[in-house]
Every structure is written in structure tokens, then in C-alpha cells.
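Visitor: Starting off with a structure, shown below.
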Amino acid sequence: SVAFYEKLGFVVENRNDQWGWAMLRCGSCQLMLDQSINVHAGIPRQSVLYLYPEDVVDFHHRARANGLTVPGLGVTFYGMTEFRLEDPDGNRLWIGEERGVTTTESTP
């Protein structure tokens, strides 16, 4: 998952591969990854992590430029310009910004 999050712009601050643990940062957002928390491997995660980048359009472009398969941006009924994807561990990520950016791509 570390390589996935690096493609989203996160950098590794600390890492211990023996433990299966890493601390990452993207701007003021910190994210901890830990293999030990997945006690039911193979079962889909039931949580959503919502990330609020300063510029969702730029964040979206960078994710695609870094090789991630990323769905189009859309404006939701609640006013967020966002896109959604899953990380390699099955965590659902919604990434958005309250800015009402108009786009020709579909709404999530």
C-alpha cells in the first residue's frame, strides 16, 4: 500500500517493513499503514476515509499522472467535487473539495 499512497502524493516519514508498518504524510495529513489491523484478510473493508486536498483537480491529475487508475471527477449533490477509489488493502477513499468545480466527467 505504501507505493499506492506515494502515487497519491504521500511521502514516507517512517517505516518498518519487519512490522508491516509505515507512517506517511501529504501536506498536513498523516496516515498510518499497519498490516496487523487487517485481522480478517479477504473481507472487504467497511470504512471510508475522506481526504480533503487543497486542490482536488490538481490532486486528481497527479494521481493519474503517477499511473493510478482513477475515475473521473464529479460534483456531488452535497456540493463536493470528488473522486473515489480503493487502496490495495480494500480501504475506500473519497477525495474531494467543497468548491463546486464544473467538469464533464460523471458524478461519483
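The values are calculated or read from the model by the stated rules, or taken from the named source; none is laboratory data. Predicted model only: the values in this text are computed from it and were never measured. No Cβ is skipped: glycine too gets one built from the backbone with ideal geometry, and neighbour counts run over all protein chains shown. Remember, those area values only see protein heavy atoms, side chains included, never the ligands or the DNA or RNA. Shrake-Rupley method; radii C 1.70, N 1.55, O 1.52, S 1.80 Å.
Visitor: Of all residues in segment 7-31, how many are open to solvent by 30 Å² or more (accessible area, probe 1.4 Å), touching a residue at least 12 places away in the same chain (Cβ under 8 Å) and out of contact with any Lys or Arg (no Cβ under 9 Å at 6 or more places or on another chain)?
Guide: So the answer is 7.
Visitor: Also: Can you tell me which of Asp87, Asp34, Asp55 is without any contact (Cβ under 8 Å) to a residue 60 or more places away in the chain, open to solvent by less than 60 Å² (accessible area, probe 1.4 Å), among the charged types (D, E, K, R) and touching a strand residue (DSSP E or B) at 6+ places or on another chain (Cβ under 8 Å)?
Guide: Criteria check complete, one pass: Asp34.
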